[in-house]
Amino acid sequence: MPELETSIVWLGAIAGALSSIAALLSLAFKPFLKLKERVSDLEEEVRALKDELAEHQEKLNKDHHSFLLQQDVNRLLLESTSNLLKHNVDGNNTKQMMDCARRIDDLVFARGSSIKEEL
């Protein structure tokens, strides 16, 4: 009988030791699991931010293109106004005025007088 009691005590001690080791391992891996979860959350946030950045970059590129078109229109209008003023002053620059008029017509007919719709 003492052998049976000794065996039971040994089994109880081994079971207690195993449960203690399991508890220590769960405590040791708990921060790792939380860190892994946090990293996956951060990766998802970064992915969402990259998508948002790409969307904003696309909008900025369209706006930049629109500004360049507007710059061309402004340059043409200023050149035309300059030629018109010079013509009124000295009666020359008829050829330049006709060239500007043709370019304005081309611009209006090509874009339908709307720069923004081209984008």
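Just one residue in the set Glu79, Glu52, Glu5 is touching a helix residue (DSSP H, G or I) at 6+ places or on another chain (Cβ under 9 Å) and charged (D, E, K, R); that residue is Glu79.
Filtered by the rule that a residue be among the basic types (Lys, Arg), open to solvent by 100 Å² or more (accessible area, probe 1.4 Å) and either in contact with a strand residue (DSSP E or B) (Cβ under 8 Å, 6 or more places away or on another chain) or modelled with pLDDT under 80 (or both), segment 96-119 gives a lone residue, Lys116.
When the residues of segment 82-95 are filtered to those that are in contact with a helix residue (DSSP H, G or I) (Cβ under 7 Å, 6 or more places away or on another chain) and part of a helix (DSSP H, G or I), the one that is surrounded by the fewest Cβ atoms within 10 Å (Cβ to Cβ) is Thr94. Applying the criterion of being open to solvent by 90 Å² or more (accessible area, probe 1.4 Å) and hydrophobic (A, V, I, L, M, F, W, C) to the residues of segment 45-81, the residue that is modelled with the lowest pLDDT is Leu78. Taking first residues from segment 105-116 that are under 10 Å from Val73 (Cβ atoms) and partners that are open to solvent by less than 60 Å² (accessible area, probe 1.4 Å) and modelled with pLDDT of 60 or more, the Cβ contacts under 6 Å between residues at least 6 apart in sequence or on separate chains come to Ile115/Leu69. Of the numbered criteria (1) farther than 30 Å from Val108 by Cα; (2) touching a helix residue (DSSP H, G or I) at 6+ places or on another chain (Cβ under 8 Å); (3) of a type outside the set (Val, Ile, Thr), the one Ser40 fails is (2).
The values are calculated or read from the model by the stated rules, or taken from the named source; none is laboratory data. All of these numbers come straight from a predicted model, not from anything done at the bench. Note: ideal-geometry Cβ built from the backbone for every residue, glycine included; neighbour counts use all protein chains shown. For accessibility, only protein heavy atoms count, side chains too; no ligands or nucleic acids. Shrake-Rupley method; radii C 1.70, N 1.55, O 1.52, S 1.80 Å.
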